[in-house]
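Reviewing the structure listed below.
Throughout, read-outs are computed from the coordinates displayed, never taken from laboratory work. Worth saying up front: this structure is predicted, and the values here are computed from it rather than measured. A quick note on method: Cβ atoms are made from the backbone with ideal geometry, for glycine too, and the neighbour counts reach across all protein chains shown.
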Amino acid sequence: MNTLPRIGVGVLIIRDGKILLGKRTGSHGAGCWSAPGGHLEPGESIEQCARRETAEETGLRLGPIFRGPWSEDHFPPSPGTPGRHYLTLMVVACCPRGTPERREPEKCTGWQWFPPEALPAPLFAPLAALAGSQGLALKALIDQATTQ
């Protein structure tokens, strides 16, 4: 396992009260549903990372970004994947238009919109921590982002 934690940014993209999720493939958390996101690059702000990762993975352009909670997750080694330690910073943004594209097919099988009370399983660890009791924490974040 890498001894230093990495910083990730997860982007909860909201449209019509639903959140955009994709099924991960080819890396830690493969087979889990996750929001777009990725590594924070040196010199990059959280908001810049969120916009860059969203564009790279989905082709979508985000509206205003609101900072959300964070999670600390340890991923054990698996065949072909070293163990990892992450701090994931979550942000929330509305995206009223555009169709999400699968721009990185080696990392995601496709994108779908889900209501926070009916999330698919299994969820990627940072999102699972946030989802809490049947999506109530996610619902609160969605409400906050859509009323500001």
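Numbers below:
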read-out: Residue identified as exposed (fewer than 14 other Cβ atoms within 10 Å of the Cβ) and under 19 Å from Ala125 (Cα atoms) among Ser45, Ser78, Ser71; value: Ser78
read-out: Residues located in the range 1-31, provided they are buried (at least 19 other Cβ atoms within 10 Å of the Cβ) and in contact with a Leu (Cβ under 6 Å, 6 or more places away or on another chain); value: Val9, Ile13, Ile19
read-out: Hits in the range 12-32 - residues which are charged (D, E, K, R) and either over 14 Å from the mean Cα position of the chain (by Cα) or part of a loop (DSSP other than H, G, I, E, B) (or both); value: Arg15, Asp16
read-out: Complete set of residues in the range 37-88 that are closer than 22 Å to Gly110 by Cα and of a type in the set (A, V, I, L, M); value: Ala50, Ala55, Leu60, Leu62
read-out: Lone qualifier among Pro77, Pro96 - being farther than 20 Å from Gly8 by Cβ, more than 13 Å from the chain's Cα centre (by Cα) and not hydrophobic (A, V, I, L, M, F, W, C); value: Pro96
